[in-house]
Structure formats: structure tokens, C-alpha cells
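In what follows, a single structure is set out as C-alpha cells and then discussed.
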Amino acid sequence: LFLLLDISLISVLVLLLFFFFFFQAEDGIRDAQESRGLGDVYKRQVSTQSTGTLATTVMSSVEWNASSLLCNSPKHSKRRDGEPERHRTYEHSNLHNSPSNRRDIAKMNFELDQERYVELLRTLIAESEHVQNAPSIGLVPKEDLIVNHVLSYLKEHTQENGGPLVVEHLSWCEGRGNLVITYPGCKDGEIMSFVGSHMDVVAADPTNWTVDPFHLTVDGDKLYGRGTTDCLGHVALMTMFMEQLAIQRPTTDHAITCVLIASEEAESTPVKGCGVESLLEHGHLDRCKAGPVFWVDSADSQPCMGTAGAIEWSLKCDGKIFHSGLPYQGINALEMVQDACSYLQGKFYEKFPAHPREADYAYACPSTMKPTQVESMRNSLNQVPGWSLVRGDIRLTPFYDIAAVKSTLEGVVDELNADPSVLATRGPASKYVLNPGTEEELKGKCTLTWGGHCLQGVACDIDSKGFAALKGAFETVMGEVKPYSICGSLPLVREMKDNGFDIQITGFGLSSVYHGDDEYCKLSDMCNAFKVLHRVACEMERKEGAEPDSPKNTSSP
């Protein structure tokens, strides 16, 4: 009896052990650490198939934050009650974590969905009236109106909703946020960034337009509206590019980051520095320093090698108001400010002529100084004015120093005030010094002041990997590449370059309509732009010494 009982107990134990190991084998990945999907299946397979140091090397070299993000997301990681499957295989999505089964971005076809682009741009342009940036006339933008549309558009592709995109809404002023969107890469420290597409626009006067500037008008290939070229057209473009990365899910060594910025068109208000300046100051762009930064806010669908600095100035002349029938007893400040301005311009071009390096960068024009606004006292028509003022700007190529320019022109004004007679006058009765050499001597006075909004120009590093990638992309898509430089200005790019960023500049609007009436962009240019962005990523992913991939994308007519 005892023998039979022993045999029965042994049989029960064997049976229990059988079922225990059977279910362990069937559910071979269940352990104390909760599994997170196909990525954990693969990692455990690597661990069981490798031994010793080799397994450690393989595991430490594999990152699971690009093509595997769907199966690693909270939305897909846990088995809900009543669900028979704990792990989804995603056999129909072709998502695999294995480095040997990479999803090559160069073999993917990136085509802009024209209809969806137009509709997204229509949505953004409908907000353009509320993102006009001209504080001097009471227009303060609310860039979050644009941010909200982008967030809504990309919502299903964020990591919170099972997608790969990391989205950060960063703001230092209510309603005036910036947006940082990242498609993670597979190698720590590898990154390429697309920065500078801004969500504010310059002011538009509808009475001067032939179409409504605040609603998108489609006329064949032309898309009209304030911000189509500068820069909501780029915001829509970059949004759809990040969406396409999330949909096709290439396996990239580089993280791909897009930064949409606030307050590009004017100095921030009411809080100073609510745009890219604060992003840099608070370290949110530090990681971008590890790779090229492509500043997408230029025009004409080619690489832009350089920009100019922008220096605001005003020149006021104080004279003596008097009867216009006795002009020799007054000092006509309106005449004086014009002659003083002309004198200053002559000295500027003498001291800062076209620089030899401007030819290397294909600048369209040299540094310039010119008046753009004039103001005078409200006197009667039969009085010579007692004061007048002109305002303007200097556009300075990056090969000259801004401080040197200011010091030089301040010295010229000091010379004028010491002896105004060096200025040419307007006829025998026009004078800038009354009663010279007597106790009643009176001189006209010039005062030069500088505006607070000062931008430095930049000369991009045309020997960098980033510039090579940009050139290669344009040559592949457009069939030719014609880099150029322009005396427009961009915020902070010089400071970023001086701090170690590889700044490269491009854009796909039209310089012929920048800040003008009836602004438009071309849909065909944006289609090509989409392919250029893709090819830039391909060029950055291409290993050094490898032959370029045969492109699937060709230029749109």
C-alpha cells in the first residue's frame, strides 16, 4: 500500500512538473520583468543564442527607440483582461527590431500628398490674421493657434498614442509657444535638425491685395495668402514630413528633429525672448549641436550659404524753425537730415565696400546702408521745420564687424556736429550754421541712435557634412544645385554658429514675394521640397565612402 502511494505521489509530481514546464515553454518570455512586445521577444532570443561577452556586446549596441516604438508604447504593451494574446507580432506592419532587418530610408518613396497639404495650409492661413507680428502697430501674434493645429494633425503619431514621435510644447509667454518634434534614432548622439520654420507672419493690409491675405486662394500652381512663402508654408511642409516619418518608420541612426519657432518676425513682446532665443538659453537645442541644423526659412529652393546682419538706425537733425520766406534765418532740418544721411552713406560705402569673400559665397549684393522711413515736425507749409528724422537699416555681410560699423558712423556724426559746413547745402539761402564765428552762432545738430533689434549675419560652413548633404539632396531632386547668399537676415543663426552649431540654410518659398502684397508659394516647389527633405536624411544616413543610393524621387514639373 505504501509502495502504491509512493508511486502515485511520484506520478502526480511528474505530472505537475510536466505542466509547469509545458506552460513555461509555451509562454517562454514571461518572467519577473513585464514584457513589452516583440522587442522583448527579440532581445531574449539574442540573449539565449549568445554567450558570454558577445551577448553583452550585442545588447549594448542595439537601441529600441525608432522602428520598434509602436510595440513598445503603453498603448500596445499590456494584455488587457479577457484578451487572449499578451504579445502582438505586428506581422502585417513589417516592424522589426532586428538591426539585420533595417527599414532603409533611402529605399522609401516620399511624395507630398498635395490635396492634404493644401488643406493643412488652408487651415494655417486661416489663422494668419491672428499671428501677424508687428508690435509697433499693436499686432502681437498668438503662435499657439498654429501649434494647436500641428498638435492635432500629429496626435495619432505621438508616443502617447502608440506612435514614434516625441512632441514638446515649450512656452515662456502665454499663447506664444514653440514646438519640438523628434523622430528618435538608433544611435545615441546622432541627430539632424530642421529648425527655424516660424509660426508668426508679417502684417498684411488687405486693401493692397488682390486676394484675401487671410484665406488661402488656389490659382493653379500658386497658393496665395500671408505666410505661404514666409513661413506657414514651411510649417505645413515640416509637419507633413514628420508625419511621413511616423507612417513609414525608417530605421535611422540619426534622430530627426523639427523645431517650429515663435516670434521670428519681430522682437518678442510682452516677454522678451519667447522664441528661439529662449530655446537656446534653456538648453532645449543643445542636443542639436551633435549634427547639422538645417534652418528652413529661406527661399528659392536652393542652399543658402550666407545671410547679412541687420542693424536698425535713426538719424535726427535739430535745426531752427522759421518763416519759409526768410530761409536764411532758419536751419531747415528736413534738408539737413537728407544731406547728413547722404554723407553718412558715402562714408559707410567708403569704409565697408564689397568684401572679397562675398564672391566666394555668391552674395547678390554687398553691404548696404539706406533710409526707409522719414518723420518731421508738424509745422505749417510756410515754415522750414525745426527737426526732422530718418530711420533705416544697415545690412552687413558677415565678413564685417557690427561694432566696428557703429563706432565708425558715430565718429562721422561727431565730425558733422563739430563742423556742419562740410555738408552740401541746397542753394545760396540754405544754411546749417547761422552767424558763424559770433556769439550768436547756432549749429544744426545730428543725433545717431541704434535700434534694439540687431541681427548678425552668418556665413555657413561650406565644408561641413551638413552642407554636403544639402547640396547632394538638391542635385538629386532638382538636377542641379546653385547655392547663393542673400542680404536678408535670420535671428540667432550667427550666435548658434559661433557656439558650435553647424548651421545650414534653405527654404522653398519665393524671395520675389517676401513680405510683399499678394504673397504666394508654388505647390510644385513644395512637392520638390518634400523630396529634398527626404534626400537630406538619406545623405546624412549614407555611410562615409558609400555610393549614393539610386533615388526614387525626381523633381516635380
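The values are calculated or read from the model by the stated rules, or taken from the named source; none is laboratory data. Everything numeric here is computed off the predicted structure, so don't read it as measured data. Positions of Cβ are backbone-derived with ideal geometry, glycine not excepted, and every protein chain shown enters the neighbour counts. For the accessible areas, the whole protein counts, side chains as well, though only heavy atoms, and no ligand, DNA or RNA atoms are used. Shrake-Rupley method; radii C 1.70, N 1.55, O 1.52, S 1.80 Å.
I want to make sure I understand the PRE zone here: with the label point 7 angstrom from the Cα of His453 toward its beta carbon, which residues in the stretch 505-525 have backbone N atoms less than 18 Å away?
Once the point is set 7 Å along Cα→Cβ of His453, 514-517 turn out to lie under 18 Å by backbone N, inside the stretch 505-525.
Probe of 1.4 angstrom, ligands and nucleic acids ignored: what's the accessible area per residue over the stretch 403-491, in square angstrom?
49
Keeping all protein chains in place, calculate the accessible area per residue for the stretch 270-361 (probe 1.4 angstrom), answer in Å².
Value for the stretch 270-361: 41 Å² per residue.
What distance in nm separates the two pseudo spin-label positions at Asp461 and Ser324, each 7 Å out from Cα along the beta-carbon direction?
6.0
For the stretch 135-236, what % of the accessible area comes from carbon and sulfur atoms, probe 1.4 Å?
Working: 1890 of 3800 Å².
Carbon and sulfur: 50 percent of the exposed surface of the stretch 135-236.
Given a 1.4 Å probe and heavy atoms of the protein chains only, how would you sort Ser388, Ser407, largest accessible area at the top?
Ser407, Ser388
Within the accessible area of the stretch 424-557, what % is carbon and sulfur when the probe is 1.4 Å and the other protein chains stay in place?
Roughly 48 percent of what the probe reaches on the stretch 424-557 is carbon or sulfur.
Could you tell me which of rounded, prolate or oblate describes the stretch 410-557, using a ≥ b ≥ c as the square roots of the eigenvalues of the alpha-carbon gyration tensor, with rounded for a/c under 1.5 and, failing that, prolate when a/b is larger than b/c and oblate otherwise?
Numbers: a/c = 4.65, a/b = 2.77, b/c = 1.68.
Since a/c reaches 1.5 and a/b is larger than b/c, the shape of the stretch 410-557 is classed as prolate.
Between Ser342 and Ala424, what length comes free when the chain is fully extended (0.36 nm per residue of separation minus the Cα-Cα distance, one decimal in nm)?
Gain on extension, Ser342 to Ala424, equals 28.6 nm.
On full extension of the chain, what length is gained from Thr210 through Glu544, given 0.36 nm per residue of separation minus the C-alpha to C-alpha distance? Spell out each step's value before the answer.
Working: separation 334, 0.36 × 334 = 120.24 nm, distance 5.11 nm.
Full extension from Thr210 to Glu544 adds 115.1 nm.
Taking the Cα-to-Cβ direction at Ser152 and at Lys289 and moving 7 Å from each Cα, how far apart do the two end points lie in nm?
The answer from the label model is 3.8 nm.
Return a single number: how many Lys pairs in the stretch 307-466, at a sequence separation of 8 or more or on separate chains, have alpha-carbon atoms below 27 angstrom apart.
Here the count comes out as 29.
Hey, can you grab everything whose amide H is under 5 Å from the amide H of His254? Only 5+ residues off in sequence or another chain; H modelled, so Pro and N-termini drop out.
Counting only residues 5 or more places away or on other chains, the set is Cys186.
Would you list which lysines come within 24 Å of Lys522, measuring only between C-alpha atoms, while excluding same-chain residues fewer than 8 positions from it?
Here the lysines satisfying the reach criterion relative to Lys522 are Lys222, Lys471, Lys482, Lys531, Lys552.
Keeping all protein chains in place, calculate the accessible area per residue for the stretch 103-222 (probe 1.4 angstrom), answer in Å².
Heavy-atom SASA per residue in the stretch 103-222 reads 43 Å².
Modelled label-to-label distance, Gln114 and Asp221, 7 Å Cα→beta-carbon offset: nm?
Distance between the two pseudo-spin positions: 1.0 nm.
What order, most packed first, do the peptides 488-501, 432-445, 517-530, 221-234 have when packing is the mean number of other Cβ atoms within 10 Å of each residue?
Output ranking for 488-501, 432-445, 517-530, 221-234: 221-234, 517-530, 488-501, 432-445.
Roll a 1.4 angstrom probe over the protein heavy atoms and tell me the percent of accessible area of the stretch 248-387 that is carbon or sulfur.
Working: 2980 of 5750 Å².
Summing carbon and sulfur atoms, their accessible area is 52 percent of the total for the stretch 248-387.
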